[in-house]
Amino acid sequence: MSFAALHRPRLGLWHSAAIPIVVVTAIAFAAGTLAQAQDTPPVRSTNTSDERSIAKQMTGTLSAVPACDVRITDEFWAPKQRINAESTLNANIKQCSDTGRIDNFNRASGKLQGKYEGYFFNDSDVYKMMEGAALAMMTSDDAAFRARVDAKLDELIATIAAAQQPDGYLNAYYTLQEPTKRWSNLKDMHELYCAGHLFEAAVAHHQATGKTTLLDIATKYADLLDKTFGEGKTRNVCGHPEIELALVKLWKETGNERYLRLSKFFIDERGVANGRELFGEYAQDHKPLREQTAVVGHAVRAMYLYSGATDIAMATSDRTLVGPLQSLWADLVFKNMYVTGGIGSSGGNEGFTIPYDLPNDQAYAETCATIGLVLWNHRMNLLFADARFVDVMERGLYNGVISGVSLKGDAFFYVNPLASRGKHHRQPWFGCACCPPNVLRLVGQLGGMIYATGSDSANNAALLVNLYVGSTASVKIADIPVKVTQETRYPWEGDVEFRVDPEKPVTFELRLRLPGWSRGESINVNGQPAQYRVQRGYAVIKREWKAGDKVMFQMPLQVERIQANPEVKMDRGRLALQRGPIVYCLEGADNGPNIRSMAVTRASPIEAEFQKDLLGGVTVLKGTAEVRDDSAWIGELYRSADSALAVPFTAIPYYAWDNREPGPMIVWIPEHRGFAERMPDPEITATASFCPGHATPMALYDGEEPENSLGRGQTHFVWWPHNGTKEWVQYDFKTPRKVSGIEVFWFSDKDHGGGCALPASWKLLWNAGTEWREVTSPSAYGIEKDKYNRTTFMPVRTTGLRIEVQLQDGISGGILEWRLME
């Protein structure tokens, strides 16, 4: 089966890994007209280039109906947008002010004295906050709110304008700290990345207000970049992509093709060693993009780069990018994406490792990376008019993106694990704070992802419905204004009703996305069964539409048990629960502290129940789970397979976890109690000299048997980032017990780029009542990888044991498992 023929992958994506990827050479739609967000026309700059125009929209692509022409009205997203525009925006403004990010511009302009504060890329957080503010204005009908935000943006724009240099350069860090070293370290210092976020903010501000104050700053800086970079000029790229997609937005807003040409230069130049050293896989700069077939490196950088390349393919009809983009997408989605839409499994490089490496407790899955996934898949849908890309976009939106912000909108996840032992919590802000303003701007632009328009080579017009979000939209189809109203309680219910109101009768295709998880849909038009064909994952209804026409689209929502590809060893013997686009999890707040000891079998009935007063109103899943109870096996080696301790369970949407009291969480649930963790020994309490937020001493005795010292995908304890120090872990017993030996399985990821190695030395102490004493006659203090290191000693009866270690110089260490011998 070809890539183009697979129009409805079941369960979203999970059964498609063997599908070959071919270049799609015929696409169903042609582009529509770029819509503007206000009545004023776009600013048009003079294109001073003498070169032939490269702007040629690729035949078959779509145009998104912009967020300014859509109002979200439903019970799910409308409250989230209100919270985003109020709580999340206020939190971002306050933090950008309190942490010196805004005052960095005042220092750069000379208004304040002092040095630059924070990371060298902190300018970008201010720009993203401003873009989010502009989008909130754009989608709000509250005049007072718009006026307040408008005034705040005017104040910020004046601050930024004062920091801009006479030639257009704008970067607070370099202006303050290293004014003579512009462009000297593009690999690491994010100059063009910051510029890109300025350009995106400027476009959003112009669309929201019609003002050119920020746009003038952006175009002045972009003109400097155009004079500096390109063929016959400086040939280099930014280590963190972003400038590429931003320049395309700036071109669309201004009409200045030099910006489009510069974006294409940066895409073409990546991975090409024109008199420079390549930045490597981490920055997707190891080979030309057209030769790349597998996702590598930093996940956010990859998504922004691919988004920019997709923009260039559409805007310039560059079909040489199409095949590589398809291959990269397939490698990402079929081998490197979490069921939540999270991507980038490793914290070491904030990105990708090897195919199918998708650990749960150690999942990095940065919020910004899933936002990038959404942005890229939205563009891929516009390029290919194929619903598969919206399936991925939707998976990210409803799970891995909105998990990144609390229900109150004022606390954030940077990292989104798929399992937690109760120590991972949202924070008000971060030193590296890319995620909070990124959530702000994405939720603000959601309306621009719901609908798209286009027409085919025979000039058959079409309106595509990509997301089922209660909303009203104003669009032009075949030059006829059409109002579309969508009413639904999605994602909790699968019924969607549309009202189509053209100013006068008009013939076009209404294309309703058939989600990959959906089965048994029904479509009625004006109360009668609709005649439709299925094309690339859409139900296509072609007719003459008149004012008042109604379409009822029904998608039965069923609880699905999702299994991972067997190559994902971390999820073998486990299932995830999904209903519609929502992925579920078990949380301690509903199920108690021992959720890892629970198993939900394939045959166990599961019911869905909407609870309006829980977590802002959610549908929960309820059923019965089996529990692994090792105490029941005392004195037995075999017993009846039917005997199991059963308890009720409640699963909540993954995005809503960690909004109540702290506790554990898991997404991938054992399907048999034999795969579940044994219950923690209630007689043991584990503590440590130091434990980072993502680790827990409970990992020392969770019963997970290590395959090797890397322990990929396994819960482990580490002292990182403490390096070269003396540290300890300790077991305390509720009642004294006799111990004659222990076994320790050391953790080490040094050979894989991590920060932990085997310790330099260690010893074992026991609690002698008033002091800690080393055990007598220890047989050995082994420090070997990939095995249990056993030591036996003269038996002691004690209330506690302590392993004391000396870490190697310059590196940390950790333990996978610590077993007792009695």
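The values are calculated or read from the model by the stated rules, or taken from the named source; none is laboratory data. Remember, it's a predicted structure, so these values are computed and weren't measured experimentally. Quick reminder, even Gly has a Cβ in these numbers, built from the backbone with ideal geometry, and neighbours come from all protein chains shown. In case anyone asks, the SASA skips ligands and DNA or RNA and just uses the protein heavy atoms, side chains included. Shrake-Rupley method; radii C 1.70, N 1.55, O 1.52, S 1.80 Å.
Over the residues of region 584-658, compute the C-alpha Rg and express it relative to 2.2 N^0.38 Å.
That works out to 1.30 for region 584-658.
How big is region 546-611 in terms of Cα radius of gyration and Dmax, in angstroms?
In order Rg, Dmax, the Cα atoms of region 546-611 give 17.2, 58 Å.
Rg and Dmax of the chain over Cα atoms: what are they, in angstrom?
Just the Cα atoms of the chain yield Rg and Dmax of 28.2, 94 Å.
How would TRP633, TRP329, TRP728, TRP251 rank on accessible area, largest to smallest, probe 1.4 Å? Present the calculation step by step, with values, prior to reporting the outcome.
Details: TRP633 100, TRP329 0, TRP728 65, TRP251 40 Å².
The most accessible residue leads, giving TRP633, TRP728, TRP251, TRP329.
If I stretch the segment between LYS423 and ARG773 completely, what's the gain in nm (0.36 nm per residue apart, minus their alpha carbon distance), one decimal?
Values: separation 350, 0.36 × 350 = 126.00 nm, distance 3.14 nm.
Extra length available between LYS423 and ARG773 comes to 122.9 nm.
Cα-based Rg of region 737-804 per 2.2 N^0.38 Å, rounded to two decimals?
Here the Cα radius of gyration is 1.25 times the empirical estimate.
If you rank GLU257, GLU497 by how much accessible surface each has, with a 1.4 Å probe, what is the order from largest down?
GLU497, GLU257
Scaled to the compact-protein estimate 2.2 N^0.38 Å, what is the alpha-carbon radius of gyration of region 494-629, rounded to two decimal places? Before the final figure, lay out the partial values.
Working: Rg = 20.4 Å, N = 136, 2.2 N^0.38 = 14.2 Å.
With N residues counted in region 494-629, Rg over 2.2 N^0.38 Å equals 1.44.
Can you give me the Cα centroid spacing of region 499-519 and region 336-402 in angstrom?
28 Å
Kindly flag which residue pairs out of LYS550/LYS622; LYS227/LYS476; LYS738/LYS763; LYS220/LYS264 have an alpha-carbon separation exceeding 27 Å in this structure.
LYS550/LYS622; LYS227/LYS476
Mind listing the Cα extents of region 121-251 along all three principal axes, in Å, largest one first?
If we take the Cα atoms of region 121-251, the spans are 48, 28, 23 Å.
Could you sort GLU822, GLU155 by accessible area so the largest value comes first, with the probe set to 1.4 Å?
GLU822, GLU155
Would you work out the charge dipole size for the chain about its Cα centre, treating the Cβ of every Lys and Arg as +1 and the Cβ of every Asp and Glu as -1, and quote it to the nearest 20 debye?
780 debye
May I ask you to give the percent of accessible area on the chain that is carbon plus sulfur, with a probe radius of 1.4 Å?
Looking at the chain in its full context, I get 49 percent from C and S.
At THR293 and LYS546, where each label point lies 7 Å from the Cα along Cα→Cβ, what is the point-to-point distance in nanometres?
5.6 nm
Using only the Cα atoms of region 656-739, what are the Rg and Dmax in Å?
15.0, 45
Quote to one decimal, in nm, the extra length available between THR234 and LYS612 on full extension: 0.36 nm per residue of separation minus the C-alpha distance between them. Before the final figure, lay out each step's value.
Numbers: separation 378, 0.36 × 378 = 136.08 nm, distance 5.83 nm.
Length difference between fully extended and current span is 130.3 nm.
Rounded, prolate or oblate, given the Cα gyration tensor of region 219-328, with a/c below 1.5 counting as rounded?
Verdict is oblate for region 219-328.
So which lysines pass the test for LYS423, namely a Cα distance under 17 Å, with those fewer than 8 places away in the same chain ruled out?
Answer for LYS423, where 17 Å is the Cα cut-off: none of the lysines qualify.
In vacuo Debye scattering of region 188-274, one point per C-alpha: log10 I(q)/I(0) at q = 0.12, 0.19 Å⁻¹?
Taken in order of the listed q values, log10 I(q)/I(0) reads -0.32, -0.77.
Within region 219-273, which trypsin sites (Lys or Arg not before Pro) sit in a loop by DSSP and count at most 14 neighbouring Cβ atoms inside 10 Å?
LYS233
I want to check the label-to-label distance for GLU661 and ALA458. Put each point 7 Å from Cα in the C-beta direction and report it in nm to one decimal.
Each label point lies 7 Å from its Cα, and together they span 6.5 nm.
What aspartates and glutamates does LYS56 reach when the alpha-carbon gap must be under 15 Å and sequence neighbours fewer than 8 apart in one chain are set aside?
Here the aspartates and glutamates satisfying the reach criterion relative to LYS56 are GLU257, ASP311, ASP318.
In nanometres, what is the gap between the two model label sites at ASN708 and PHE690, each 7 Å from Cα along Cα-to-Cβ?
2.8 nm
What shape does region 679-719 take by its C-alpha gyration tensor, where a ≥ b ≥ c are the square roots of the eigenvalues and a/c under 1.5 counts as rounded, a/b above b/c as prolate, and the rest as oblate?
In terms of gyration-tensor shape, oblate.
Regarding region 63-141, what are the three Cα extents along the principal axes, ordered largest first, in Å?
Rounded to whole Å, the extents work out to 48, 28, 21 Å.
Charges on Cβ only, +1 for Lys and Arg, -1 for Asp and Glu, centred on the Cα centroid of the chain; of ALA625, ILE54, PHE76, which one is farthest towards the dipole's positive end?
Towards the positive end, the residue furthest out is ILE54.
Select from region 260-323 those GluC sites (Glu not before Pro) which occupy a DSSP coil region and have at most 10 other Cβ atoms within 10 Å, ordered by residue number.
GLU277
Pairs to check: LYS152/LYS233; LYS569/LYS750; LYS335/LYS750; LYS187/LYS249; LYS287/LYS750. Give those whose C-alpha atoms are more than 31 Å from each other in this structure.
Details: LYS152/LYS233 38 Å; LYS569/LYS750 22 Å; LYS335/LYS750 25 Å; LYS187/LYS249 23 Å; LYS287/LYS750 27 Å.
In this structure, LYS152/LYS233 lie more than 31 Å apart at Cα.
How large is the helix-only mean residue ellipticity at 222 nm for the chain, computed as the sum of -39500 (n - 2.57) over DSSP H runs with n ≥ 4, divided by its residue count, in deg cm²/dmol to the nearest 500?
-7500 deg cm²/dmol
Would you mind calculating the gained length between TYR638 and LYS94 on full extension (0.36 nm times residue separation, minus the Cα-Cα distance), in nm to one decimal?
Separation in residues times 0.36 nm, less the Cα-Cα distance, equals 189.7 nm.
How big is D, in µm² s⁻¹, for region 305-348 by Stokes-Einstein at 37 °C and 0.692 mPa s if Rh is the Kirkwood radius over C-alpha pairs?
Values: Rh = 11.7 Å.
Rounded, D is 280 µm²/s.
Can you give the accessible area per residue of the chain, in Å², using a 1.4 Å probe?
Spelled out: the 1.4 Å probe surface of the chain, per residue, equals 37 Å².
What does the charge dipole of region 223-287 about its Cα centre add up to, to the nearest 20 debye, if the Cβ of each Lys and Arg holds +1 and the Cβ of each Asp and Glu holds -1? Please list the in-between numbers first.
Details: 11 positive and 12 negative charges, 31 e Å.
Roughly 140 debye for region 223-287.
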